[in-house]
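Each remark here refers to the structure printed beneath this line.
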Amino acid sequence: MALDENDSSVGHSFGLEFDGIQITAITEVTGLKMEQDVIEYKFNMANNKGAYHVKKLPGRPKAGECTLTRPLTKNNSFDQWIKDAQLGKMKGARKGGSIIVFDYEGEEVKRYTITAAWPKSLELSSMKAGDTSVLTEKLVLTYESCAPAGK
């Protein structure tokens, strides 16, 4: 049974969908953030005997970064994307798409649209012989904007 609008969501799994790259086995997303500058407008109020006043206004949106963690598998869908960014081929490296939150039944709960994203780094987890923990890779994406997508 899918969650209704009054249920709190538990992020069971996450997905990434970017210009032909689709990965559904993401186990962790950190740093996904929508932020903008704040402009302070300072003035004296004429109707209040010149009292000093500060008003805060919305400023420019800020670019962001997020980290996606997935188990290490044979899936190499990140490889060409990372190579393009490393070689400065930004026309092919900048991609638009979404980060998707799925519930425990695999139904989409929410989607966040990311624009002009490209891989900043890829980090493998520690590799130790005899260790039983899952090997992971962490992809850090830098992006120009992020917004919740409406259904």
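GNM, the chain, Cα, under 10 Å: largest mean-square fluctuation among VAL140, VAL38, VAL54?
VAL54
Rounded, prolate or oblate: which fits region 95-151 when a ≥ b ≥ c are the square roots of the eigenvalues of the alpha-carbon gyration tensor, with rounded for a/c under 1.5 and prolate only if a/b beats b/c?
Since a/c reaches 1.5 but b/c is at least a/b, the shape of region 95-151 is classed as oblate.
Ignoring ligands, DNA and RNA, please state the percent of accessible area on the chain from carbon and sulfur, probe 1.4 Å.
After summing per-atom areas, the C and S share lands at 51 percent.
For the chain, what is the accessible area per residue in Å² when the probe is 1.4 Å?
Normalised by residue count, the accessible surface of the chain is 68 Å².
Any idea of ARG94's accessible area? Nearest 10 Å², probe 1.4 Å.
110 Å²
Checking the cross-link filter: which lysines have an alpha carbon closer than 25 Å to that of LYS62, excluding same-chain neighbours under 8 positions apart?
Partners found: LYS33, LYS42, LYS89, LYS91, LYS95, LYS110, LYS120, LYS138, LYS151.
Going Cα to Cα from LYS83, which aspartates and glutamates come in below 13 Å? Please leave out same-chain ones fewer than 8 positions away.
Filter leaves no residues.
Provide the gained length on full extension for the span THR24 to VAL134, in nm with one decimal, where the gain is 0.36 nm per separating residue minus the Cα-Cα distance.
Here the answer is 37.9 nm.
Largest first and in whole Å, give the semi-axes of region 53-151's equivalent ellipsoid, each being the square root of 5 times a Cα gyration tensor eigenvalue.
Result for region 53-151: semi-axes of 29, 20, 15 Å.
Using the Cα centre as the reference, give the magnitude of the dipole from point charges on the C-beta atoms of the chain (Lys, Arg: +1; Asp, Glu: -1; all else neutral), rounded to the nearest 20 debye.
It comes to approximately 940 debye.
Normalising by the residue count of region 26-125, find the relative contact order in percent from Cα pairs under 8 Å and 6+ residues apart.
Relative contact order, region 26-125: 22 percent.
The values are calculated or read from the model by the stated rules, or taken from the named source; none is laboratory data. In this text, all values refer to a predicted model and were calculated from it rather than measured experimentally. Every residue, glycine as well, gets a Cβ built from its backbone with ideal geometry; the counts of neighbours run over all protein chains shown. Areas reflect the complete protein model, heavy atoms only, side chains present, ligands, DNA and RNA absent. Shrake-Rupley method; radii C 1.70, N 1.55, O 1.52, S 1.80 Å.
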